[in-house]
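The values are calculated or read from the model by the stated rules, or taken from the named source; none is laboratory data. A quick note: this is a predicted structure, and the numbers were derived from the prediction, not measured. Using ideal geometry, Cβ is built from the backbone for each residue, glycine included, and neighbour counts are taken over all protein chains shown.
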Amino acid sequence: MSYQIFLAILVIVVMFFIGMSLSITTLVREFFLIDKKFLAICLSQILSLPIITYLLTEYVFSTGSDFQLFMMILSLAPGAVTSTFFIKLINGNAYLSIKVSLIISLLSVVTIPLFLKTFLQIADSNISISLTRSIFQLVIVIAVPILAGSIISVYWRPPREKTIRLMIVLGIIVAYIVGIMEKYHLLEINYLILKLPVMAALIFIYVCIGMLVVYLFQLITMDAKTVVIETFMQNTPIVLLITNFLIPASPFIILVLTWTTMQIMMAVGIYYFYHYFSKKNQT
């Protein structure tokens, strides 16, 4: 089995179990229920991230075309699988997180190819993608599994959801290990060291974007936490799948792994920050 096929299967499995978070009737109802919480996350995640990422990597940071492409794909990805876990830890709106993850994942089958094709044309890149083919491929690996999981959840729920989610996380870890083993000859520590400060700056800026959107929409505390977390935590298996498809001979695997580590560290930092001030306010 090729690494590309393994990644596609992993993304399909992840999307299927994400789909099981909401029944199809609830998903359809929530899809057309537009409120300011949902609009806030759409503004921060779908519009603000790719636009600001492009401007920063083009005019502020000297990143190189390959790294710029990686960051653009990352900024277009829907929310992370683990975002709801951290949102629950800080008493955020977990239901909003699940709803947004599902709907933005469904929308991403169009937004990712559309924004990515636009970026490649603006950047005058030698990489080209077919819009219709890309949408079709993402429908197969993202939309179909989500809808299938959502429909099946009406009739059957897995007896041990936590075990299944743990297996998904382990599958993602295996994907990273296999990817590093397959592409170890492409990995350059100096390349990673040069990109680390830029990645750290970008994830901090992503947090600030989430906080700005929260301020603009005047969201309550529970929803505000969710918007901030969802803004900077990306679905890295999807990023890994797309980058591996576009540029197979690239060191993107180490960048994806680094970003995954950084976004988890940021989420943990927010968790301790929240609990520190919660205890301080109680005393």
Item to check | Every residue from the range 235-275 that is outside any helix (DSSP H, G or I) and touching a Gly at 6+ places or on another chain (Cβ under 7 Å) | outcome: Asn235
Checklist entry - When the range 16-31 is examined, which residues are found to be under 19 Å from Ser83 (Cα atoms) and either modelled with pLDDT of 85 or more or touching a strand residue (DSSP E or B) at 6+ places or on another chain (Cβ under 8 Å) (or both)? => result Phe16
Checklist entry - Does at least one position in the range 140-157 carry a residue that is loosely packed, with under 12 Cβ neighbours inside 10 Å, over 22 Å from Val268 (Cα atoms) and either under 18 Å from the mean Cα position of the chain (by Cα) or of a type in the set (Gly, Ala, Ser) (or both)? => result no
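Residue by residue, here is whether (1) loosely packed, with under 15 Cβ neighbours inside 10 Å; (2) at pLDDT below 90 holds:
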residue: Gln137; (1), (2): no, yes
residue: Leu166; (1), (2): yes, yes
residue: Leu187; (1), (2): yes, yes
residue: Ala200; (1), (2): yes, no
Item to check | Flag if Met222 is surrounded by fewer than 21 Cβ atoms within 10 Å (Cβ to Cβ), modelled with pLDDT of 90 or more and more than 26 Å from Pro113 (Cα to Cα) | outcome: no
Next on the checklist: I'm trying to understand the selection: among the residues of the range 77-114, which are surrounded by 22 or more Cβ atoms within 10 Å (Cβ to Cβ), hydroxyl-bearing (Ser, Thr, Tyr) and within 14 Å of Ile238 (Cα to Cα)?
Outcome noted: Ser101, Ser105, Ser108
Item to check | In the range 116-138, the residues that are in contact (Cβ under 8 Å) with a residue 40 or more places away in the chain and not in a helix (DSSP H, G or I) | outcome: Ala123, Ser125, Ile127, Ile129
Checklist entry - Restricting attention to the range 75-96, does a residue exist that is of a type in the set (Ser, Thr, Tyr) and modelled with pLDDT of 90 or more? => result yes
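β-branched (Val, Ile, Thr), in a loop (DSSP other than H, G, I, E, B) and over 29 Å from Phe273 (Cβ atoms), is that true of Ile142? Spell out the reasoning first.
Details: β-branched (Val, Ile, Thr): yes; in a loop (DSSP other than H, G, I, E, B): no; over 29 Å from Phe273 (Cβ atoms): yes.
Against the criterion (β-branched (Val, Ile, Thr), in a loop (DSSP other than H, G, I, E, B) and over 29 Å from Phe273 (Cβ atoms)), Ile142 does not qualify.
Residue check: is Thr63 among the hydroxyl-bearing types (Ser, Thr, Tyr), touching a residue at least 40 places away in the same chain (Cβ under 8 Å) and not in a helix (DSSP H, G or I)?
Numbers: among the hydroxyl-bearing types (Ser, Thr, Tyr): yes; touching a residue at least 40 places away in the same chain (Cβ under 8 Å): yes; not in a helix (DSSP H, G or I): yes.
Yes; evaluated as a whole, the condition is true for this residue.
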Item to check | Among (1) more than 24 Å from Leu69 (Cβ to Cβ); (2) in contact with a helix residue (DSSP H, G or I) (Cβ under 6 Å, 6 or more places away or on another chain); (3) charged (D, E, K, R), the one test that Glu230 misses | outcome: (1)
